[in-house]
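Take a look at the structure set out below.
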C-alpha cells in the first residue's frame with residue numbers, strides 16, 4: 001500500500017475561523033452532506049466555526065453555492081490498498097483532516113453525512129475539547145450491546161477489551177489538530193494499515209480505535225446517538241442532540257417507520273438543491289433483506305438459503321406483531337423481556353453519559 005498526504009486542489013472560499021465542522025463524501029453522498037450543513041446553518045446562525053465539505057471534485061455542487069459553506073476539492077488519489085468492502089474509499093478521508101487543514105483549523109468536528117442535528121450543539125462540542133487528547137468520540141452501539149449483556153462472544157470487540165479500551169464510533173469525531181500532529185498520528189495509522197489490512201474489519205473505525213485508543217477522549221452518546229431498534233424507543237427519555245442513522249436504513253431510502261419520518265425533509269431539500277438527483281425509497285423489510293443477502297453468512301449455498309429463509313420468517317413475524325400492537329404500544333412495553341432489554345440499554349447509556357459529564361471538560 002502506498003499513500004501520500006492529500007492536498008486541497010480547489011476551495012470555494014478561504015478559512016475564516018480557527019475551528020471547523022467538516023464532512024467528507026464522494027459525489028453520491030454530497031446531497032446528504034449538504035443537508036447536514038444546511039441544518040447547522042439554520043440552527044446555529046451565530047457561528048465561530050467554518051462549515052467544510054470535502055469531496056473529490058466540484059462537478060456536482062448545488063447551484064447557487066451557499067456562501068457560508070466551504071467546499072474543498074481534495075486529492076485523495078494517492079491512497080491505495082485500504083480495504084473498503086461495500087463502502088466508498090471516502091470512509092477513510094476523515095482521518096486525514098487534521099493534516100490537510102493543519103495550517104487553518106485548530107479543532108475540527110467531523111460528522112458523517114448520515115447524521116441529523118436535533119438541537120444546536122456544534123459550538124458546544126467544539127468549545128469543550130480536551131487538549132491532552134487527540135480525539136473525542138462516543139461509545140459505539142455494539143459496545144453498548146456488549147455492556148448490556150449481548151455479544152459476549154464478539155471476537156471483534158474482545159480485542160479492545162484486551163487493550164482496556166471502550167470501543168468508539170467514528171461517525172462524530174472531534175479532532176485536536178495540534179495534539180495529533182505532535183504524535184505523528186498519520187504515520188502510525190498508515191504503518192499499521194500497511195501491515196494489517198486484513199484486520200481492518202470496520203475500516204477507518206477499526207484503524208482509529210486500534211492505533212489511537214490511548215488518544216481518544218469521551219464524547220457523550222447524546223452527540224452521536226446511534227439509531228437501532230433498541231435505542232429508538234428511548235429517544236424521548238434521552239433527548240439526544242445528534243441522531244446517527246447507522247445501518248442500512250437511511251432517511252433518504254426508507255419510506256416507513258421512525259427513520260422514514262425524516263424522508264420528506266430530505267426529499268424537499270434535495271429536490272430544491274439537487275434537482276437531477278433521484279431518491280428511491282423502499283420498505284424497511286426490503287432494505288434489511290437486501291443488506292442480509294449481501295452479508296453472506298455461509299459458504300454452503302444450502303445453509304445460506306436456509307438462513308435467509310429464517311431471516312425472512314423473523315422479519316415477517318415482527319411485522320405481524322407490530323401490526324397487532326400498533327394501536328397499543330403500552331402492551332409491547334409491558335412485556336417483561338422487552339422491559340429487561342430496555343433497562344439494560346438505558347443503564348449502559350446512562351453510565352456512558354455520566355462518565356462524560358464527570359470528566360470535567362468532556363461533553
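The values are calculated or read from the model by the stated rules, or taken from the named source; none is laboratory data. Since the structure is predicted, the reported quantities are computational estimates derived from the model, not experimental observations. Glycine gets a Cβ as well: all are built from the backbone with ideal geometry, and neighbour counts include every protein chain shown.
Can you tell which of 206, 231 is surrounded by 17 or more Cβ atoms within 10 Å (Cβ to Cβ) and more than 28 Å from residue 124 (Cβ to Cβ)?
The conditions single out 206.
The rows are residues; the columns are (1) crowded, with 16+ Cβ neighbours inside 10 Å; (2) modelled with pLDDT under 95.
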{"residue": "22", "(1), (2)": "yes, no"}
{"residue": "30", "(1), (2)": "yes, yes"}
{"residue": "36", "(1), (2)": "yes, no"}
{"residue": "80", "(1), (2)": "no, yes"}
{"residue": "83", "(1), (2)": "yes, yes"}
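Looking at segment 217-287, what helices (runs of 4 or more DSSP H) fall wholly within it and have at least 3 residues that are under 19 Å from residue 39 (Cβ atoms) and touching a residue at least 40 places away in the same chain (Cβ under 8 Å)?
Of the helices (runs of 4 or more DSSP H) lying wholly inside segment 217-287, those with at least 3 residues that are under 19 Å from residue 39 (Cβ atoms) and touching a residue at least 40 places away in the same chain (Cβ under 8 Å) span 263-273.
Which pairs have Cβ atoms under 8 Å, sit 6 or more apart or on different chains, and link a residue in segment 192-216 that is on the phi > 0 side of the Ramachandran plot to one that is assigned to a helix (DSSP H, G or I) and crowded, with 19+ Cβ neighbours inside 10 Å?
203/91; 203/92
Among (1) exposed (fewer than 14 other Cβ atoms within 10 Å of the Cβ); (2) farther than 23 Å from residue 108 by Cα, which single condition is residue 183 missing?
The number of the failed condition is (2).
With respect to residue 138, determine if the residue is within 28 Å of residue 229 (Cβ to Cβ) and in a loop (DSSP other than H, G, I, E, B). Give the derivation first.
Numbers: within 28 Å of residue 229 (Cβ to Cβ): yes; in a loop (DSSP other than H, G, I, E, B): no.
When the stated conditions are applied, residue 138 does not pass them.
The rows are residues; the columns are (1) part of a loop (DSSP other than H, G, I, E, B); (2) touching a strand residue (DSSP E or B) at 6+ places or on another chain (Cβ under 7 Å).
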position	(1), (2)
109	no, yes
128	yes, no
132	yes, no
144	no, no
158	no, no
169	no, yes
172	no, yes
